[in-house]
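Asks: First the structure, then my questions, so here it is.
The values are calculated or read from the model by the stated rules, or taken from the named source; none is laboratory data. Owing to the predicted nature of the structure, the values given are computational and were not obtained by experimental measurement. FYI the Cβ positions are ideal-geometry reconstructions off the backbone, even for glycines, and counts take in every protein chain you see.
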Amino acid sequence: MRVWPRGSVVTVDARRHGELLAPSMRSVLDEADVHPSDLAAIVVGAGPGPFTSLRVGMVTAAAFADALEIPVHGVCSLDGIGAATTGATAVVTDARRREVYWARYEDGVRMGDPRVGRPIEVAEALRAQGVAAVVGPGRAMYAGMFADFAELEMPAAGGDATVPEAGYPRPELLAGLAGADLLAGRLPAPLVPLYLRRPDATEPHAPKPVRA
């Protein structure tokens, strides 16, 4: 399903998602000249991503949809990049802890589930799988590991020109991937985040016994 965006706000800032998300949503609605009551569904990236930022985005989407009594569709965030690729390509994004989230694509279709791993191990796995190109912000972060892979030019939403944020998920691609369900009026699957690993926070252990 092809989707043309009517409004867009892109901010790359890993530390301010909580304070920027709601104002950005308001700006997009204003740019598109749309009221919340005009919406028929919400589409949100379901990860993989860091625990806190992913939770903020998905909880906001779920709350917004619940208030409007409309469905919310979760889509793998890597697909918002990979769906625009051609050939044997991998999408690589920052997973922190010196790791990356990644998935392999064939002409824009994801092959298997997304994964998380160390960049050097991911690069070795991609070579073994015959991947020719790597895209996404993880490529620049670990340029030495992925230097021998081709770098695709990612088209902007409205044409063939590249844009600075082209290495990040594109909302119109995420919406397009949910399009078949939207057009058919099918209810979305339960909204489940793709964390791929446990959060940093853990339950405290019982205190160690102290000998007198």
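Asks: Quick test for you: out of Gly112, Gly136, Gly130, Gly117, pick the one residue that is farther than 15 Å from Ala150 by Cβ and touching a residue at least 12 places away in the same chain (Cβ under 8 Å).
Replies: The match here is Gly117.
Asks: Look at Val44 and say whether it is under 15 Å from Arg170 (Cβ atoms) and out of contact with any His (no Cβ under 7 Å at 6 or more places or on another chain).
Replies: Yes; evaluated as a whole, the condition is true for this residue.
Asks: Another question about this same structure. Taking the conditions exactly as written (modelled with pLDDT of 95 or more, among the hydrophobic types (A, V, I, L, M, F, W, C) and assigned to a helix (DSSP H, G or I)), does Ile81 satisfy them or not?
Replies: no
Asks: For region 36-52, state whether one or more residues are among the charged types (D, E, K, R), more than 25 Å from Arg15 (Cβ to Cβ) and surrounded by fewer than 21 Cβ atoms within 10 Å (Cβ to Cβ).
Replies: Checked region 36-52: at least one residue is among the charged types (D, E, K, R), more than 25 Å from Arg15 (Cβ to Cβ) and surrounded by fewer than 21 Cβ atoms within 10 Å (Cβ to Cβ).
Asks: Of the residues Pro48, Pro114, Pro23, which single one is closer than 26 Å to Arg197 by Cβ, of a type outside the set (A, V, I, L, M) and either at pLDDT below 95 or not in a strand (DSSP E or B) (or both)?
Replies: The unique qualifying residue is Pro48.
Asks: Only residues that are buried (at least 23 other Cβ atoms within 10 Å of the Cβ) and over 18 Å from Gly117 (Cα atoms): list them for region 85-100, please.
Replies: The answer is none; no residue qualifies.
Asks: Hey, another quick one. Considering only residues that are of a type in the set (D, E, K, R) and more than 18 Å from the chain's Cα centre (by Cα), look in region 63-84 and name the one that is surrounded by the most Cβ atoms within 10 Å (Cβ to Cβ).
Replies: The extreme case among them is Asp66.
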